[in-house]
1. Restricting the range 79-99 to residues that are closer than 30 Å to D20 by Cβ and over 16 Å from the mean Cα position of the chain (by Cα), which is modelled with the highest pLDDT?
2. E132: without any contact (Cβ under 8 Å) to a residue 24 or more places away in the chain, of a type in the set (D, E) and closer than 27 Å to L21 by Cα, yes or no?
3. Would you tally the residues in the range 39-85 being assigned to a helix (DSSP H, G or I) and open to solvent by 30 Å² or more (accessible area, probe 1.4 Å)?
4. Please enumerate the residues belonging to the range 101-120 that are assigned to a loop (DSSP other than H, G, I, E, B) and out of contact with any helix residue (DSSP H, G or I) (no Cβ under 9 Å at 6 or more places or on another chain).
5. Among the residues of the range 34-52, is there at least one that is among the basic types (K, R), over 12 Å from the mean Cα position of the chain (by Cα), at pLDDT 95 or above and farther than 18 Å from V130 by Cβ?
6. For the range 33-51, does any single residue satisfy the condition of being closer than 18 Å to L109 by Cα and touching a residue at least 40 places away in the same chain (Cβ under 8 Å)?
7. So which of K108, K112, K128, K137 ends up being modelled with pLDDT of 95 or more, among the charged types (D, E, K, R), open to solvent by 10 Å² or more (accessible area, probe 1.4 Å) and closer than 22 Å to V38 by Cα?
8. Output the residues belonging to the range 21-32 that are part of a loop (DSSP other than H, G, I, E, B) and buried (at least 22 other Cβ atoms within 10 Å of the Cβ).
Amino acid sequence: MKAKTYTIGFTKKNAKTFFDLLRNSSANHLIDVRLNNVSQLAGFAKQDDLQFFLEEILHWKYTHLPELAPTKEILEAYKKYKGDWGVYEDQFMQLMEQRKIEQHLNKKLFDKSCLLCSEHEPHHCHRKLVVEYLNKKWDSALEVVHLM
């Protein structure tokens, strides 16, 4: 049986939309895959606030897994210096390979979990790359739904 795994980004969403999307999924655990989850720019998705809201509103568990985030250098080359998505994708996939994330994570952790990043859509976001990488390593063990 496949693990039902969701992904979501918080930008371009107000708190109501964000929490409604989570509530209407079958997930019960949010996995934060952001490198920087304490920025003031994150608004309601700032780590401490988000953890509080998840527990109070949805009764969900919150976990921060920075090992599923790009390095500052990879992220800046793409975001700050408007790098090429293909280069970013290759560098991030190599990073996950070097980190051997599939060996350090349990597939069960991803069942009824939702990966959080900042990007509105998954198309150019590392959360999509994480689940693609894990599905490649785990023989398509994750059934992925991108919440938008």
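1. Here the answer is W85.
2. Details: without any contact (Cβ under 8 Å) to a residue 24 or more places away in the chain: yes; of a type in the set (D, E): yes; closer than 27 Å to L21 by Cα: yes.
Considered against the rule, which asks whether it is without any contact (Cβ under 8 Å) to a residue 24 or more places away in the chain, of a type in the set (D, E) and closer than 27 Å to L21 by Cα, E132 comes out as yes.
3. Number of matching residues: 22.
4. N106, D111, K112, H120
5. No, the range 34-52 contains no residue that is among the basic types (K, R), over 12 Å from the mean Cα position of the chain (by Cα), at pLDDT 95 or above and farther than 18 Å from V130 by Cβ.
6. Checking the range 33-51: at least one residue is closer than 18 Å to L109 by Cα and touching a residue at least 40 places away in the same chain (Cβ under 8 Å).
7. Just a single option satisfies the conditions, and that option is K128.
8. A27
The values are calculated or read from the model by the stated rules, or taken from the named source; none is laboratory data. Note that the structure is a prediction, hence the values are computed from the model and not measured. Heads up, the Cβs are rebuilt from the backbone with ideal geometry, glycines too, and the neighbour counts pull from every protein chain shown. Just so you know, the surface numbers come from the protein's heavy atoms only, side chains and all, with ligands and any DNA or RNA stripped out. Shrake-Rupley method; radii C 1.70, N 1.55, O 1.52, S 1.80 Å.
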